[in-house]
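The block underneath contains the structure these notes are about, expressed in structure tokens.
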Amino acid sequence: EKAKWPKETVELWERLSKKEANDVETVQKSIVHHVTTTLARAAYNMDNFSAYQAVALSTRDRLISRWNETQGQLSKADPKRVYYLSLEFLLGRSMDNALLNMGLKGTYGKGVEQLGFNMEDVIESEVDAALGNGGLGRLAACYMDSLATLDYPAWGYGLRYNYGIFQQRIVDGYQTEYPDYWLNFDNPWELPRLDISIQISFGGHVQSIQDEYGVTRHNWIPAQSVQAIAYDVPIPGYDTENCNNIRLWRSKPTKTFDLTSFNEGNYEKSVEDATNAEKITSVLYPNDNTMAGKELRLKQQYFWTAASLHDIVRRFKKSRREWSDFPDQVAIQLNDTHPTLAIVELQRLLVDEEMLSWDDAWEIVTKTFAFTNHTVLPEAMEKWSVPMFEYLLPRHLQIIFDINLFFLQKVEKKFPNDRGLLNRMSIIEEAQPQQIRMAHLAVVGSHKVNGVAALHSNLIKTTIFKDFVDYYGEDKFVNKTNGITPRRWLHQANPKLSKLISDTLGSDKWLKDLSLLKKLTTKIDNAEFRKSWMAIKRHNKVRLAELIKIRCNVEVSPDALFDVQVKRIHEYKRQFMNILAVIHRYRTIKSMTASQKASVQPRVVIFGGKAAPGYYIAKLVIKLINSVAAVVNQDPAVGDLLKVVFIPDYNVSVAEVIVPASDISQHISTAGTEASGTSNMKFVLNGGLIIGTMDGANIEILEEIGEENIFIFGCLAHEVEDLRHAQRYRGVPMDPALQGVISAIEKGVFEDPKIFQPLISTLTVGKDFYLISADFASYIAANQAVDTAYKNQEEWSKKSIRCTANMGKFSSDRSVKEYADDIWGIKSYPIVDEGHM
Ligand code: CBF
């Protein structure tokens, strides 16, 4: 393109688009420039928030130049790319991360301090981008960090929700929800691409006509359409020039749509239609591991997958390759079943619009897509009612029925005369009304299906996808154990520990090769090193104690053992069991003599997490935690031996304070229910020990760090069904210690017992689905083992170091590399710094 321009013009552009230098003064100039021009503020009349805005805008300038360079070089080279389709990207704050990844934190820190601001306060002024519920969304964010760091050509595609996950406040002990106005001030971390607008249609009907060759062609005549507008979020890699992209779509009314009603003189209707169009991307559904069968959610899923595919296909078409090359240029990863409609949309585009034969199109589709399953919980399995689906996407429904027909014909051929099997494997569930099983569609339309931890990947093969394994064979079903980015979860969240590790290992190379942490084991017997290690933990505990004072108005001692359970509130995660054990501890302490109390290990039990707004039992668990806290924290007979706090509005930036400060954290799901868990990895990487069941990634953590460094209890996944059966039909009595705890609640020790009755009845013999009673005794014993171990601080510090040292496997760099090699077939494409802005 340059060739079109006169030489002098090209030279002028080249000269003027040179990158800015990275020294303190240049950085300060750009900050001041943004203060005075972009923000139009007077230099001496600024608060931390406006300082943050200016620093963010200056950081963004640098991000954008990397982003331009990366996207320019990738467009030219056109390597195979992966597209990660995720309805959630839980990014948290961006500024600190961007500065650290670009290697500019020190320069900006100095520049900002000299300008009269404290960098930590400036960083704290940023609101979280909370476009996710929990593990699944945070995993997507970690994977984007690793993809960028490893120079993989990758784009994320998601939705730009106006409101992220709700804000949680605790009122009278109960969770109350408030909207998250995260876009109230401009968001500096996105680039609106108002020129990239795609029309997305819904509803209407299908016309079927025979073409000149006698082939039936289907023409979808939609009833309405909206626009998808792109917003790009640059994702810089660590210690590389590469800067990838997450494209988030926002819905807007189409002009024609707007004008039709307006021209008909129906102003109110045109405004209403516009609002309906904008509604599509207004809220993130606040459900984690549960399915919301709402029409608007289906609209979101189609809007997002259709816009993303349109974009991907447009990019592919630029290269003028054959359609059969599509899977060599494009890999699409489905993060859970949420984007499964992309399979149907691609088949529709290829058959209806590009006129490929059904079989040619289907071959391209199935070579392109791969699917990650994140749960085996039945309540989380996505299903859409056929009538609702037909109303919104009539042509897509026909395609799904055809995919199903051709698939079942093949199954029938391989396993003749097994109607039960066909029923079980069908994409359509024969209920009233019929339901579309999205997980089945995702399996049928993908070339690989993966679980997210070894146990989970085995479980999906023997439970929900068993028939599919029999049909396709084992090779299609693989494991990709989750990972976390050490850049955010150690380097950024725990700067002191990061520095100690780099100083000890002689470099910070471990940040890109986490297996290097192993060398820390040579320092375990070094008392000086252990002292520094534990001093950092204490420093982090002091910081958390301050946060607890501010948010919960409770004083806690940093010398006590900090015991943490922070995650979404869910029955399967068993926060209920934790608080019941806390009550048991409270009662035990109350029954002790003064001399017995002297040997009790003081403990601060810290909870945090949101419950889905409609999840009544989970919300009652929060209420119980707060009622117990109110009694325990005021009881002089207990004093500092036990404190209980519920930190409201748990999110990524709060996690960055909590994780480095934990001594022990709880990962105590009923065996076989937590697919992986990733907070377990974050805690252990930061030298926190864990107490947990043999579930999800706990098992692999145990394998890496050794069983003497982890507190394991409870039944095993393969025992669960027998235990449930024994409870139901043999009336196994409730655990006696648990019985005592329940009686205390029923006697009204913690507020009016009527409040908690629905919760307690989930423990009735025969109904205790999550096996709290069966696991209670071993849980109490494991907690006692924690107390005993913690008293020996020297041994504890050795365990803590051993934990961190052996966490190399759980870097998301390892996970992403496995996906790239085994599933996507993509290669790194390092970006060259050509010095352009
Ligand atoms: O794989 C990431 C995480 O996903 C979930 O949060 C999910 O939403 N299904 C699982 O519950 C976690 O176990 C898992 O770590």
**Q.** Alpha-carbon centroid distance for the pair the stretch 334-408 / the stretch 176-204, whole angstrom
**A.** 26
Q: Using the Cα centre as the reference, give the magnitude of the dipole from point charges on the C-beta atoms of the stretch 491-808 (Lys, Arg: +1; Asp, Glu: -1; all else neutral), rounded to the nearest 20 debye.
A: 640
Q) Hey, what D do you get for the stretch 540-582 in µm²/s if you plug the Kirkwood alpha-carbon radius into Stokes-Einstein at 25 °C and 0.890 mPa s? A) 206
Q: Compute the Kirkwood hydrodynamic radius of the chain, taking the inverse of the mean of 1/r over all pairs of distinct Cα atoms, and give it in Å to one decimal.
A: 28.7
Q. Given the pairs Lys567/Lys643; Lys480/Lys573; Lys80/Lys448; Lys480/Lys523, which span a C-alpha to C-alpha distance of over 26 angstrom in this model?
A. Lys480/Lys523
Q) Along the charge dipole of the stretch 491-808, which of Gly672, His584, Leu723 sits closest to the positive end, that is, farthest toward it, with unit charges on the beta carbon of Lys, Arg, Asp and Glu (+1, +1, -1, -1)? A) His584
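Considering only DSSP states other than H, G, I, E and B, which trypsin sites (Lys or Arg not before Pro) in the stretch 298-399 qualify as loop sites with at most 15 other Cβ atoms within 10 Å? The partial results should precede the final answer.
Details: sites: Lys299, Arg314, Arg315, Lys317, Lys318, Arg320, Arg321, Arg348, Lys367, Lys383, Arg395; in loops: Arg320, Arg321.
Passing sites in the stretch 298-399 are Arg320, Arg321.
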Q. Hull surface divided by four, with the convex hull built on the Cα atoms of the stretch 710-783: how many nm²?
A. 5.5
Q) So what does log10 I(q)/I(0) come out to for the stretch 491-808 at q = 0.11, 0.14, 0.15, 0.16 Å⁻¹, using the Debye formula with one equal point on every Cα and no solvent? A) -0.68, -1.10, -1.25, -1.41
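Express in nm, to one decimal, how much length is gained between Gln793 and Asn219 on full extension, taking 0.36 nm for each residue of separation and deducting their alpha carbon distance. Please report the intermediate quantities before stating the final value.
Working: separation 574, 0.36 × 574 = 206.64 nm, distance 7.19 nm.
Working it through step by step, the gained length comes to 199.4 nm.
Which peptide among 551-562, 185-196, 11-22, 243-254 comes first, and what is the full order, when sorted by highest mean count of other Cβ atoms within 10 Å? Don't jump to the answer; show the numbers that get you there.
Numbers: 551-562: 16.8, 185-196: 15.2, 11-22: 11.4, 243-254: 22.9.
Going by the mean number of other Cβ atoms within 10 Å, highest first, we get 243-254, 551-562, 185-196, 11-22.
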Q: Rank-order 664-672, 529-537 by packing density, defined as the average count of other C-beta atoms within 10 Å over each peptide's residues, highest first.
A: 664-672, 529-537
Q: Work through the residues other than Asn578 whose Cβ is under 13 Å from its Cβ and net out their charges, Lys, Arg +1 and Asp, Glu -1.
A: +2
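Of all DSSP beta bridges in the chain, what percent run antiparallel (nearest 5)? Mind showing how you got there, number by number?
Details: 39 of 85 bridges.
Just about 45 percent of them are antiparallel.
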**Q.** Alpha carbon centroid spacing (whole Å) that separates the stretch 49-84 from the stretch 1-40
**A.** 15
Q. Relative contact order of the stretch 241-285: what whole-number percent is it, with Cα pairs under 8 angstrom and at least 6 residues apart?
A. 43
Q: Distance from a point 7 Å along Cα→Cβ of Phe262 to each backbone N in the stretch 153-175: keep the residues under 20 Å and list them by number.
A: none
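What is the fewest-to-most order of Ile332, Ile364, Ile235 by other Cβ atoms lying within 10 Å of their Cβ?
Details: Ile332 26, Ile364 21, Ile235 29.
The fewest-first ordering by Cβ neighbours comes to Ile364, Ile332, Ile235.
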Q.
With 18 Å as the cut-off, how large is the P(r) tail for the stretch 597-741, expressed as percent of Cα-Cα pairs?
A. 69
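Could you tell me the ratio Rg/Rh of the stretch 206-275? Both radii from Cα atoms, Rh via Kirkwood. Show your work: numbers first, answer last.
On the way: Rg = 20.6 Å, Rh = 16.2 Å.
Across the stretch 206-275, the Cα-based Rg/Rh ratio is 1.27.
If you add up the charges near Phe316, with Lys and Arg at +1 and Asp and Glu at -1, over every other residue whose beta carbon is less than 12 angstrom from its beta carbon, what do you get? Please list the in-between numbers first.
On the way: positive: Lys80, Arg81, Arg314, Arg315, Lys317, Lys318, Arg320, Arg321; negative: Asp78, Asp311, Glu322, Asp325, Asp328, Glu354.
Combined, the nearby Lys, Arg, Asp and Glu give +2.
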Q: Once you have the Cα-Cα distance between Ser197 and Asn423, take 0.36 nm times their residue separation minus that, and quote the gain in nm to one decimal.
A: 77.2 nm
Q) For the stretch 563-681, taking Cα atoms only, what is the radius of gyration to one decimal and the Dmax to the nearest whole Å? A) 14.9, 47
Q: May I ask you to derive the relative contact order of the chain, considering only C-alpha pairs under 8 Å and at least 6 residues apart, and to give it as an integer percent?
A: 14
Q) So what is the calculated 222 nm ellipticity per residue for the chain, using -39500 (n - 2.57) for each DSSP H run with n of 4 or more, over all residues, to the nearest 500 deg cm²/dmol? A) -14000 deg cm²/dmol
Q. If one computes the Cα centroid of the stretch 409-460 and of the stretch 706-776, what distance in Å separates the two points?
A. 34
Q | Rg to Rh, two decimals, where the stretch 103-230 supplies the alpha carbon set and Rh follows Kirkwood | A | 1.15
**Q.** Estimated inter-spin distance, His725 and Asp186, nm [label 7 Å along Cα→Cβ]
**A.** 6.5
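Read-outs: derived from the displayed coordinates by stated rules, not from any lab. Predicted, not measured: the structure shown is a model, and the values here were computed from it. All Cβ positions, glycine included, derive from the backbone under ideal geometry; neighbour counts span all protein chains shown.
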